[in-house]
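First comes the structure, then the notes that go with it.
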């Protein structure tokens, strides 16, 4: 028997007639918590890179831009390009949802690379651009699952990217919608890509010497996220506008995650080959 849930309002509260949505709050919470964690990690005695407050603020700004621009452009170009070509103004309507993690990841990598190149070139951060880029990305690899957790919880509240029909006891049905029990796949992703991935990455950073190999932790995050995402996609309904890419059930999320796994493995190998 499925669990019946009353639909959540996508609007958390209103201020002076302005609706504040859960989706927006998830991003705000992710950036606030992420900034606090980033400041904590760079100030630790064993940190591989040190940034002052101004540099941290500039880095946060770059990351926010990378997440939003990369995530939105990734969704537009990969998941629903024909719709946005026909309705170009909808590209800016981010409050309607539609963000790609893989696109946001690329956006963050580019943003951190430009930040490290600019600061290194001006001798504000010692070392090489390559090393500084991956030292920052290794720290972000520990923080990223926190943002994923908040994002997936917002997906569940908005009844987005829900799962495939099922008869498992914990299947959910939202009242007022189709009477079809489905996997609560956003919660699966919140548990694996969020909580479990954070625990693994924190332990690797805190209790191993992998942080001394710039790029190693970033490569591990890419591989583990890809594994968890490919697994969870087995229970998640494919995007309606795309469907399955093959007759045997390959989804766009699995394809992109497979590419991400290979890229992470290459980065991890380079991190150990580089002296």
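So, of the residues in segment 36-46 that are farther than 19 Å from residue 153 by Cβ and without any contact (Cβ under 8 Å) to a residue 12 or more places away in the chain, which turns out to be surrounded by the fewest Cβ atoms within 10 Å (Cβ to Cβ)?
Of all residues in segment 36-46, those farther than 19 Å from residue 153 by Cβ come to 38-46.
From the residues that got through so far, the ones that are without any contact (Cβ under 8 Å) to a residue 12 or more places away in the chain too are 40, 43-45.
Details: 40: 12, 43: 11, 44: 13, 45: 4.
Per the criteria, the residue is 45.
Which number in (1) closer than 21 Å to residue 215 by Cα; (2) in contact (Cβ under 8 Å) with a residue 24 or more places away in the chain; (3) not in a helix (DSSP H, G or I) marks the one condition that residue 148 misses?
In the conditions (1) closer than 21 Å to residue 215 by Cα; (2) in contact (Cβ under 8 Å) with a residue 24 or more places away in the chain; (3) not in a helix (DSSP H, G or I), residue 148 misses (3) alone.
I'd like the full set of residues that are in contact with a helix residue (DSSP H, G or I) (Cβ under 9 Å, 6 or more places away or on another chain) and in a loop (DSSP other than H, G, I, E, B), limited to segment 36-48.
46, 47, 48, listed by residue number.
Given the structure, is residue 265 assigned to a helix (DSSP H, G or I), touching a residue at least 12 places away in the same chain (Cβ under 8 Å), crowded, with 19+ Cβ neighbours inside 10 Å and in contact with a helix residue (DSSP H, G or I) (Cβ under 8 Å, 6 or more places away or on another chain)?
Criteria not met by residue 265.
What number of residues within segment 212-226 satisfy the criterion of being in contact with a helix residue (DSSP H, G or I) (Cβ under 9 Å, 6 or more places away or on another chain), surrounded by fewer than 22 Cβ atoms within 10 Å (Cβ to Cβ) and not in a loop (DSSP other than H, G, I, E, B)?
Qualifying residue count, segment 212-226: 2.
Which of the residues spanning segment 1-35 are in a loop (DSSP other than H, G, I, E, B) and either in contact with a helix residue (DSSP H, G or I) (Cβ under 7 Å, 6 or more places away or on another chain) or loosely packed, with under 14 Cβ neighbours inside 10 Å (or both)?
1, 6, 7, 8, 9, 10, 16, 17
Which is modelled with pLDDT of 95 or more and under 29 Å from residue 122 (Cβ atoms), of 61, 50?
61
Restricting the search to segment 112-123, which residues are under 20 Å from residue 61 (Cβ atoms), free of Cβ contacts under 8 Å to residues at least 24 places away in the same chain and more than 24 Å from the chain's Cα centre (by Cα)?
The answer is 118, 120, 121, 122.
Is there a residue in segment 74-83 that is touching a strand residue (DSSP E or B) at 6+ places or on another chain (Cβ under 9 Å), surrounded by fewer than 21 Cβ atoms within 10 Å (Cβ to Cβ) and in contact (Cβ under 8 Å) with a residue 12 or more places away in the chain?
Within segment 74-83, none of the residues are touching a strand residue (DSSP E or B) at 6+ places or on another chain (Cβ under 9 Å), surrounded by fewer than 21 Cβ atoms within 10 Å (Cβ to Cβ) and in contact (Cβ under 8 Å) with a residue 12 or more places away in the chain.
Only one of (1) without any contact (Cβ under 8 Å) to a residue 60 or more places away in the chain; (2) within 18 Å of residue 106 (Cβ to Cβ); (3) touching a helix residue (DSSP H, G or I) at 6+ places or on another chain (Cβ under 7 Å) fails for residue 200. Which number is that?
Exception for residue 200: condition (2).
Residue 51 versus (1) in a helix (DSSP H, G or I); (2) out of contact with any strand residue (DSSP E or B) (no Cβ under 9 Å at 6 or more places or on another chain): which is the lone unmet condition?
Condition (1) is where residue 51 drops out.
Answer yes if at least one residue in segment 130-140 is surrounded by fewer than 18 Cβ atoms within 10 Å (Cβ to Cβ) and in a loop (DSSP other than H, G, I, E, B), and no otherwise.
no
Does residue 126 qualify as being touching a strand residue (DSSP E or B) at 6+ places or on another chain (Cβ under 8 Å) and free of Cβ contacts under 8 Å to residues at least 60 places away in the same chain?
Considered against the rule, which asks whether it is touching a strand residue (DSSP E or B) at 6+ places or on another chain (Cβ under 8 Å) and free of Cβ contacts under 8 Å to residues at least 60 places away in the same chain, residue 126 comes out as no.
Can you tell me which residue within segment 229-255, out of those that are buried (at least 21 other Cβ atoms within 10 Å of the Cβ) and not in a loop (DSSP other than H, G, I, E, B), is nearest to the chain's Cα centre (by Cα)? Before you say what the answer is, go through the steps one by one.
Residues of segment 229-255 buried (at least 21 other Cβ atoms within 10 Å of the Cβ): 229, 232-233, 236, 251, 253-254.
Next, from what is left, pick out any that are not in a loop (DSSP other than H, G, I, E, B): 229, 232, 236, 253-254.
Working: 229: 11, 232: 14, 236: 17, 253: 13, 254: 15 Å.
Per the criteria, the residue is 229.
The values are calculated or read from the model by the stated rules, or taken from the named source; none is laboratory data. What you are looking at is a predicted structure, and each value in this text was computed from that prediction instead of being measured. Glycine also receives a Cβ, built like all others from the backbone with ideal geometry; neighbour counts cover every protein chain displayed.
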